[in-house]
Amino acid sequence: MDKLLVHGGAPLKGAINISGSKNASLPILAATILTGEDCLISRVPDVSDTNYMVQILSALGADVERYSGTVRISCADVAEEAPYDLVRRMRASICVMGPLLARKRRAVVSLPGGCIIGDRPVDLHLRGLEALGAKVEFEGGNMILTAPDGLRGAEIDLRGTHGPTVLGTDNVMMAATLAEGVTVIESAAAEPEVVDLANFLNAMGAKITGAGTTRIEIEGVSELHGVRHTVIPDRIEAGTFMAAAALAGEGVTLRRVCQEHLKAITAALVRAGHRIEFNPAGDTCSVHRGDEPKGCDLTTAPYPGYPTDMQAQMTALLATTPGISVIKDTIFPQRFMHCAELKRMGADITVDNGTAVVRGVAGLSAAPVMASDLRASAALVLAALTAKGTTAINRLYHIDRGYEHIDEKLLMLGANLERVKA
Ligand code: EPU
């Protein structure tokens, strides 16, 4: 098990490339189940979550080759049952359910277990697939979905207590591509990753309109074909490096970003007193730490609101920003595990009922800390960049789930850190 030693105090300077999006890649990889033809997907980040998805597809019988960011997948024939041992490692495995059901008319996927960022039910996924005509049964920890006569289009409202569901929208959208008739998803998730999946499916021959809005319409087709696709830039990786640059930077440039997808994150950093500039094409941005950073309030919301996946990193930045910041996570109200670890480094944070009140302190000091989930780990790395002394971040496998070579990218920007065996 690796840990990261971060020797705080080295300023970040220079330029790096942002990788392809993890959260767009995962459902896109799963969507290849919908066709027997070859799919070629580029800019798939080399992170353990995409590796798990590739392993699940291989275990289902797909023929998969992977060369530096490009994955070729052929699902000429696939089994219906996703193996528990692989599925249990990653919640996003659940997005093989819609494609398996559509292609094989039967899908067996184990129920995802607990998750550190909060209770993450799958009721909305199942509600959507049931509306398309699937019968849902539970047995031995598995969800067994069957639709022996095929799926039928339907009108479905996917709104839950905490708003729309991203992977739920993906699952229903994928299943509906091969259903008979028209499906309308109301209260759909509008995240750029959903749009990327819809573009991938349309390139395969699907008929989807409205992706990127809260109403998606899918006209079922009888079959889909192979396709080439390039995954969109990872807006959360970009945002994480933007926050790192605001915290510890002396002029950092990020290439291969998408300005449109970064509006809420940019606005938050500007409110906190930092300067962000994009080139006219909107694919490169430079981040300059402000001379007078100031605390700001944040509330997470579905896209185009401020993303929950950038809540922890911004909390780390605001921990040493003068003033009081109030941070509310409406999507995952329990997603504040990083705060206890930041407090061990000297941060002044009170968490209550889905809200963190952060009183900016002059500086943090190093301590051994424990990564609890992907974005919490990123927050600890950020905090360590300016903390006094050497911070040891344990359980680094969490960060390797979703950040491609984060230690190497930070080294290229001048950070002083090393990955060691724990
Ligand atoms: N929810 C339900 N019922 C469901 C599904 C979701 O109540 O059937 C609730 C969740 O508990 C949560 C809210 O709805 O309160 C939103 O969850 P959502 O379903 O949108 O989450 P997800 O699709 O499982 C994706 C990302 C997460 C990201 C969330 C929210 C992927 C692979 N995962 O998860 O990313 O936090 O959307 O934007 O796309 C991460 O990358 O670190 C990460 C956790």
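Couple of notes before you dig in:
- Inter-label distance, R88 to E180: 3.9 nm, where each label sits 7 Å from its Cα along the C-beta direction.
- Charged side chains reduced to their Cβ positions (Lys and Arg at +1, Asp and Glu at -1) give the chain a dipole of some 1080 debye around its Cα centre.
- Shape category assigned to segment 22-230 from the gyration tensor of Cα positions, a/c cut at 1.5: rounded
- Overall, segment 22-230 carries a charge dipole of about 260 debye about its Cα centre when +1 sits on the Cβ of Lys and Arg and -1 on the Cβ of Asp and Glu, all other atoms neutral.
- Packing-based ranking of 338-344, 134-140 yields 338-344, 134-140, ordered from highest to lowest mean Cβ neighbour count within 10 Å.
- Residue pairs exceeding 24 angstrom between C-alpha atoms, taken from K13/K421; K3/K294; K263/K328: K13/K421; K3/K294.
- Antiparallel DSSP beta bridges within the chain, as percent of all bridges there, nearest 5: 70 percent
- Taking packing as the residue-averaged number of other Cβ atoms within 10 angstrom, the listed peptides 192-204, 46-58 run from highest to lowest as 192-204, 46-58.
- Helix-only [θ]222 nm of the chain, DSSP H runs n ≥ 4, -39500 (n - 2.57) each, per residue, nearest 500: -9000 deg cm²/dmol
- Taking a straight Cα-Cα cut-off under 17 Å and skipping sequence neighbours fewer than 8 places away in the same chain, the lysines within cross-link reach of K22 are K409.
- Computed extension length for E250-D297: 14.5 nm, one decimal, from 0.36 nm per residue of separation with the Cα-Cα distance subtracted.
- With q set to 0.11, 0.13 Å⁻¹, the log10 of I(q)/I(0) for the chain, from the Debye formula over equal scatterers at the Cα positions, is -0.80, -1.09.
- Between R215 and L40, the simple label model (points 7 Å from Cα in the Cβ direction) yields a spacing of 3.9 nm.
- Pairwise FRET efficiency - N17 versus D77, Cβ, R0 = 60 Å, nearest 0.05: 0.95
- K135-R228 pseudo-label distance in nm [points 7 Å out on the Cα-to-Cβ vector]: 4.4 nm
- Computed lengthening from R359 to D157, 0.36 nm per intervening residue step minus Cα-Cα distance: 68.7 nm
- Largest accessible area first, the listed residues I208, I324 line up as I324, I208 when surface is computed with a 1.4 Å probe on the assembled protein chains.
- Accessible surface of the chain, 1.4 Å probe, proportion on carbon and sulfur as whole %: 48 percent
- Of all DSSP-defined beta bridges confined to segment 22-230, some 75% are antiparallel rather than parallel.
- Options S93, V78, V6, ranked by Cα towards positive dipole end of segment 1-124, top entry (Cβ charges): V6
The values are calculated or read from the model by the stated rules, or taken from the named source; none is laboratory data. From a predicted model like this one, the values you see are computed outputs, not experimental measurements. As a convention, Cβ positions derive from the backbone with ideal geometry for all residues, glycine included, and neighbour counts pool all protein chains shown. Remember, those area values only see protein heavy atoms, side chains included, never the ligands or the DNA or RNA. Shrake-Rupley method; radii C 1.70, N 1.55, O 1.52, S 1.80 Å.
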